[in-house]
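Here's the structure we're looking at; comments come further down.
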Amino acid sequence: MNIRLTSFALLASLSAGCAGAHTNAPTPKEASSQPAGKSASANAAPFAVTIAKPRKTFPLLRQMIAHRKGYASIGQLIDLFAADEDADLERPVVFTTTGKDRVFAYSLAIVPGQEKTARAHLEKLGIAAVAGGKSGKFVCDVVRGSDGPRKVCAGNEETLATLGPGAVNVPAGMTSDLRFEMDTTVAAKMQKARKQAAKAAAGDTSKDASDAFVDTAVADLGRFTADVSYDGGFDVRLAMQVKGQSPIWHTVFEAPAKAPPTTFALLPEDSEIALFAHAPPPGATKELREIAEAALVSDCSEGDARAAREAFDTILFTGGSVAFAIGYDRSKAESAAKSLVGKAGSNPDSVERARIALSSWALFGFEEPTERWLGALRKLESLDCNSKGKTSSTKTRIVSPTKALGLPAGTTEFVEVHTAKNPKDKPKPTTYIFVVPDGSRTWLAIGEDELAIAARLRASVDPKGRHLGERVGGELLRTPATGAAVFSAEALAWAGHDLDSTPSILRSAELLVAAASMPTGGRTPIPVSFVSSPDGKGGELRLRSRVDSAAVGDVISFLASGDDSDDEDDDD
């Protein structure tokens, strides 16, 4: 039944600009007659980017956007800044924007002692530009910023008046090379509007049961800040301010920061994405569990919904830590992808072979007894939810796996066989789910390739198996955190693409082929750790990642390969 598979996905996610010449324009007197101090905070803009040392950072940006469609205007801006004889590129460049296409302002520090010269240059340039009748220019002014005289520019006077004050405010005490700030409420509203517009265009009038839940959580968010430093590798630090405690934030802030659970280190070595999360005490998750269960049982009859809730009560947000991994057989997937991409045309057989090879397995490790999980899954399998409107029916066999799979005694296998209701339709592949006891912990795995799943489970339960802990090193395994993850650069290309249609399968294959050509084949692990710090009613969420030079090389190589999914850049 579909309700149980939905719960697995829930556990994985919940448990745990335009370049041109400058022209001079009269900016409102408030902006030019007084320094832009704390009273004119850069945080007034919905989005702000500060590049602390442009001369150091611009070459790296050029390298990352080279050959990338949709990024030509960034290169044009860098050229414009480099050619500005009044700009001090050893000091910060600040951008502010509303998030709308090409609506932004920026400011450049002026070389000490050249304030009058810079203004004279603007006036001369402005007269020349007007006389030449050119279009697509910036309007600029020279003002006193928080760190001294700065040249501030925007596409028009209105934008300059609105975003200019924030653009001349340089963050104090900034030690990173780049800082990105975002008003999360504004960003969420923009994303929701885009989603609604897309649904309307497609004639979709359905309502997502999770919308209200997400809206409530987003309303509690404050300012988001990302600081990035580069020294051959990237050091990334993210911080999110939370103003209130909706159910999800209450749950997050109650979760402890401590060493990873043993199950995290025992995940398969070839996991493309792996993570762990520590759960708060069960009492702190009651409201969130009720919201999650309501969404999961929304298509059940009253009786089945009650039975499903009883089952979910025993496995959802019960206070135990969880580890999760997802991956695929890389060698088979890369071979199938190269074969598919290398052909002038694709036939159904080659597409299906690629789909099978690209299909993933998912594995969970719970610090909880196996009996609890088996009881809940057996009950959920007996219910008939989510069957209305489906194009296929599902029958499940619950068996003991064959000895040839080499799994521990007591392992239970759920085999879901899907049958298309229309004989002309192709049924979905058989799904295999394993529940494996391992002392006081439980392993659960799901996927379409029975042998591949069994191989990963054997590795995790075998003390001498090939584990994730040996690949990621000791620091991530020793550092206390509320949660953490590790992924590869190839995972960035592979994850997030469905395999539901021929075009999507072809796109996934193309990305995989591009990722395989990275300097290290996209295999270098990228760690991320997360800590929540409550503070009164709200708190702060902090995330840190270290991307070493090998992974940086992989990412830059992948970007340079060109992703044609981006829209081409306009020249205006």
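Computed over protein heavy atoms with a 1.4 angstrom probe, the accessible surface ordering of Phe81, Phe487, largest first, is Phe487, Phe81.
Only Cα pairs under 8 Å and 6+ residues apart enter the sum, and on that basis the relative contact order of region 46-178 stands at 28 percent.
The base-10 log of I(q)/I(0) for region 46-178, evaluated at q = 0.15 Å⁻¹, reads -0.73 [Debye formula, identical scatterers on Cα atoms, solvent excluded]. Derived scalar couplings between HN and Hα for region 315-329 equal 10, 9, 6, 9, x, x, 6, 9, 10, 9, 9, 9, x, 7, 7 Hz in order, rounded to whole Hz, by the Karplus curve 6.51 cos²θ - 1.76 cosθ + 1.60 (θ = phi - 60°), x for Gly and Pro. Counting heavy atoms of the protein chains alone, Arg542 has an accessible area of about 100 Å² for a 1.4 Å probe.
The values are calculated or read from the model by the stated rules, or taken from the named source; none is laboratory data. Bear in mind that the values here come from a model prediction, so they are computed numbers and not experimental data. Just so you know, the surface numbers come from the protein's heavy atoms only, side chains and all, with ligands and any DNA or RNA stripped out. Shrake-Rupley method; radii C 1.70, N 1.55, O 1.52, S 1.80 Å.
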